[in-house]
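Student: Structure provided below as structure tokens; questions to follow.
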Amino acid sequence: MPRHISLTQYLVEQQRQHGHIPAELRLLIEVVARACKRISISVNKGALGDVMGSADSENVQGEIQKKLDIIANEVLIEANEWGGHLAAMASEEMEGIYVVPNRFPQGEYLLLFDPLDGSSNIDVNVSIGTIFSVLKKPGGHEGVSERDFLQPGIQQEAAGYCIYGPQTTLVLTVGDGVAMFTLDREQGSWVLTQEGMRIPEDTKEFAINMSNMRHWAPPVKRYVDECLAGKTGERGKDFNMRWVASMVADVHRILTRGGIFMYPWDQREPEKAGKLRLMYEANPMSFIVEQAGGVATDGKRRIMELAPGKLHERVAVFLGSKNEVERVTGYHHEVA
Ligand code: P6P
């Protein structure tokens, strides 16, 4: 039975008892968690607030921005820029990095985020979320540039997501397992509702956008065909399929009951490794998945060991239950 302690108490324990995190990082995570509470208020307004639908703009990815994409991005920037914990921030919604203005003290951390992932689901009231990743600014030089962000995922100090669904929950790792906090709206506080989350090593549930099947590489097609063959094929068991088209929701389900999430390379944009972004989607989710005993690869390599070449780098993603991810990765190696 979880202890139902507050996020602050959990983080103070991590700081004091486990020596995992310095006070600066604890305070940064608390600011991000408060920003997520603020975003959830806007998300929950729906049609009652001026937050639905698209803005008249595109992001750096060439995607039409939803009003809530912009709101969530602004909330995270405004909440984090004055605290003195950060040197700079990077967002899916901004082309370049956001350097903390000189009027505020500079900190030693870098914050990356997808402020509202899955925003195509906003107008149809399906779960969406905020994904964040914390890196430490490399030392030895003044100022901060995009190059300081280009670190492999194994360098992350913390990672988490907030899912705005039937419950509003914050899932977090600081490298000492995975904890989940549920927003108590009556008190306005994050309450620990699960810790030591583990992903089962086996699963009967896969998540992929099946409409892209004709574009996949052979190993992915082979893996999915075996799942579809069910107990009549060599897997000897039937599979279920889920695809929410909101990474936060699909990953949260996998964290809760197991599964494999796949967004593979496909031939529609062969020059791109995949659709999802390495720095603020794949890396934070991989940190969480690995901390829960799961595996996260790009089909060949551990995602958290990939050396990013640019801020908005894309990557193929296979993550979740260990034995399933290793199976599909093995097929890739067979072809390699
Ligand atoms: P598709 C949302 O836009 C996102 O980045 C992830 O949250 C999600 O897993 C994926 O894209 C959905 O992509 O092509 O199925 O709409």
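The values are calculated or read from the model by the stated rules, or taken from the named source; none is laboratory data. Predicted model only: the values in this text are computed from it and were never measured. No Cβ is skipped: glycine too gets one built from the backbone with ideal geometry, and neighbour counts run over all protein chains shown. For accessibility, only protein heavy atoms count, side chains too; no ligands or nucleic acids. Shrake-Rupley method; radii C 1.70, N 1.55, O 1.52, S 1.80 Å.
Student: Please verify whether Arg3 is more than 19 Å from Leu68 (Cα to Cα) and buried (at least 18 other Cβ atoms within 10 Å of the Cβ), treating the condition exactly as stated.
Tutor: When the stated conditions are applied, Arg3 does not pass them.
Student: Residue by residue through the stretch 299-324, note down the ones that are open to solvent by 20 Å² or more (accessible area, probe 1.4 Å), farther than 22 Å from Arg235 by Cα and not in a loop (DSSP other than H, G, I, E, B).
Tutor: Result: Arg302, Glu305, Arg314.
Student: Ok, one more. Residues to consider are Ala79, Ala90; find the one that is part of a helix (DSSP H, G or I), at pLDDT 95 or above and open to solvent by less than 50 Å² (accessible area, probe 1.4 Å).
Tutor: Numbers: Ala90 fails: part of a helix (DSSP H, G or I).
From the options Ala79, Ala90, the qualifying one is Ala79.
Yes/no matrix, rows are residues, columns are (1) modelled with pLDDT of 95 or more; (2) more than 19 Å from the chain's Cα centre (by Cα); (3) of a type in the set (A, V, I, L, M):
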| residue | (1), (2), (3) |
| --- | --- |
| Lys45 | no, yes, no |
| Asp56 | no, yes, no |
| Glu63 | no, no, no |
| Asp69 | no, no, no |
| Asn73 | yes, no, no |
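Student: Another question, if that's okay. Which one of the conditions (1) open to solvent by less than 30 Å² (accessible area, probe 1.4 Å); (2) within 30 Å of Gly165 (Cα to Cα); (3) part of a loop (DSSP other than H, G, I, E, B) does Ala296 fail to meet, given that it meets all the rest?
Tutor: So Ala296 meets the others, but not (3).
Student: Residues that are touching a residue at least 40 places away in the same chain (Cβ under 8 Å), hydroxyl-bearing (Ser, Thr, Tyr), assigned to a strand (DSSP E or B) and crowded, with 16+ Cβ neighbours inside 10 Å: does the stretch 260-280 have at least one?
Tutor: Yes: the stretch 260-280 contains one or more residues that are touching a residue at least 40 places away in the same chain (Cβ under 8 Å), hydroxyl-bearing (Ser, Thr, Tyr), assigned to a strand (DSSP E or B) and crowded, with 16+ Cβ neighbours inside 10 Å.
Student: Let me ask something else about it. From (1) open to solvent by 10 Å² or more (accessible area, probe 1.4 Å); (2) out of contact with any helix residue (DSSP H, G or I) (no Cβ under 8 Å at 6 or more places or on another chain), pick out the condition that doesn't hold for Asp250.
Tutor: Evaluating Asp250 over (1) open to solvent by 10 Å² or more (accessible area, probe 1.4 Å); (2) out of contact with any helix residue (DSSP H, G or I) (no Cβ under 8 Å at 6 or more places or on another chain) leaves (1) as the failure.
Student: Continuing with the same structure: If the requirement is being over 23 Å from the mean Cα position of the chain (by Cα) and small (Gly, Ala, Ser), which of these qualifies: Ala229, Ala273? Break it down stepwise before answering.
Tutor: Working: Ala273 fails: over 23 Å from the mean Cα position of the chain (by Cα).
Of Ala229, Ala273, the one residue that is over 23 Å from the mean Cα position of the chain (by Cα) and small (Gly, Ala, Ser) is Ala229.
Student: Being under 30 Å from Pro270 (Cα atoms), surrounded by fewer than 19 Cβ atoms within 10 Å (Cβ to Cβ) and in contact with a Pro (Cβ under 9 Å, 6 or more places away or on another chain) is the filter here, so list the residues in the stretch 177-214 that pass it.
Tutor: The one that is under 30 Å from Pro270 (Cα atoms), surrounded by fewer than 19 Cβ atoms within 10 Å (Cβ to Cβ) and in contact with a Pro (Cβ under 9 Å, 6 or more places away or on another chain): Asn212.
Student: Inside the stretch 218-255, can you point out the residues that are away from the ligand (no atom under 16 Å from the Cβ) and in a loop (DSSP other than H, G, I, E, B)? Working first, answer last.
Tutor: Going through the stretch 218-255, the residues away from the ligand (no atom under 16 Å from the Cβ) turn out to be 218-219, 221-223, 225-240.
The answer is Gly233, Glu234, Arg235, Gly236, Lys237, Asp238, Phe239.
Student: More than 30 Å from Asn73 (Cβ to Cβ), of a type in the set (Phe, Trp, Tyr) and out of contact with any Gly (no Cβ under 6 Å at 6 or more places or on another chain): is that true of Tyr280 in this structure?
Tutor: Working: more than 30 Å from Asn73 (Cβ to Cβ): no; of a type in the set (Phe, Trp, Tyr): yes; out of contact with any Gly (no Cβ under 6 Å at 6 or more places or on another chain): yes.
When the stated conditions are applied, Tyr280 does not pass them.
Student: Moving to a separate point now. Filter the stretch 3-32 down to the residues that are over 24 Å from Asp184 (Cα atoms), part of a helix (DSSP H, G or I) and at pLDDT 90 or above and list them by number. Steps first, answer last, please.
Tutor: Initially, the stretch 3-32 is screened for residues over 24 Å from Asp184 (Cα atoms), giving 16-24.
Retained after the next criterion (residues that are part of a helix (DSSP H, G or I)): 16, 23-24.
Within the stretch 3-32, Ala23, Glu24 meet the criteria.
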